[in-house]
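Have a look at the structure below before the remarks.
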Amino acid sequence: MTDGTASFKLMCELTTRKMVRGPGDVGQFPLSEDQIEQVKTALHAEPLSAAEKQMFEERTKKEEVEASHMEKGLAFYDGMQGVIAKENLESAKLCIEAMKILLIQANNVE
């Protein structure tokens, strides 16, 4: 993301999910209270535009679709691949939860 308010950039940065590729990888979710406070502060300084809110809602919906596909695909993995697939699904679910939390914060600042 190169365009948009600093608040929008921060929300996108915090909710860009990194794929788990191996046993040593750790997901970055859930968001910490400090991260949520950071977003609240940014939103009070610079609220999201209506277009930014819509884009963030669309990102959330895309993540939900991807998580649904991941869940359906779990049956095809076993062993370590299955463990990694489950970790990625859990990370996606936590990412969606984080996105929804941040959207609530954005909607509370009008």
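Here, each number is a calculation from the coordinates, and none is a lab measurement. These numbers were taken from a predicted model, which means no experiment stands behind them. As a convention, Cβ positions derive from the backbone with ideal geometry for all residues, glycine included, and neighbour counts pool all protein chains shown.
Brief remarks follow.
- Between the beta carbons of Glu37 and Glu90, assuming R0 = 35 Å, the FRET efficiency works out to 0.90 to the nearest 0.05.
- The alpha-carbon of Lys9 sits under 22 angstrom from the alpha-carbons of these lysines, leaving out residues fewer than 8 places away in its chain: Lys18, Lys40, Lys53, Lys61, Lys62, Lys93, Lys100.
- Applying the Karplus relation 6.51 cos²θ - 1.76 cosθ + 1.60 with θ = phi - 60° to region 71-87 yields 3J(HN,Hα) values of 5, 5, x, 4, 5, 8, 10, 9, x, 5, 4, x, 4, 5, 4, 5, 5 Hz, where x marks Gly and Pro.
- Spin-label proximity, Met80 to region 2-23 - amide N less than 19 Å from point 7 Å beyond Cα toward beta carbon: 19-23
- From helices alone, the chain scores -23500 deg cm²/dmol at 222 nm; the rule is -39500 (n - 2.57) for each run of n ≥ 4 DSSP H residues, then divide by the residue total.
- For Val65 and His44, the FRET efficiency from 1/(1 + (r/R0)^6), where r spans their Cβ atoms and R0 equals 35 Å, is about 0.65.
- Among Leu74, Ala6, Leu89 the positive-end extreme of the charge dipole of the chain (Cβ point charges): Leu74
- Cα-centre dipole for region 42-97 with unit charges at Cβ (Lys and Arg positive, Asp and Glu negative), debye to 20: 100
- Label point distance in nm, Thr5-Gln54, each placed 7 Å from Cα along Cα→Cβ: 1.6
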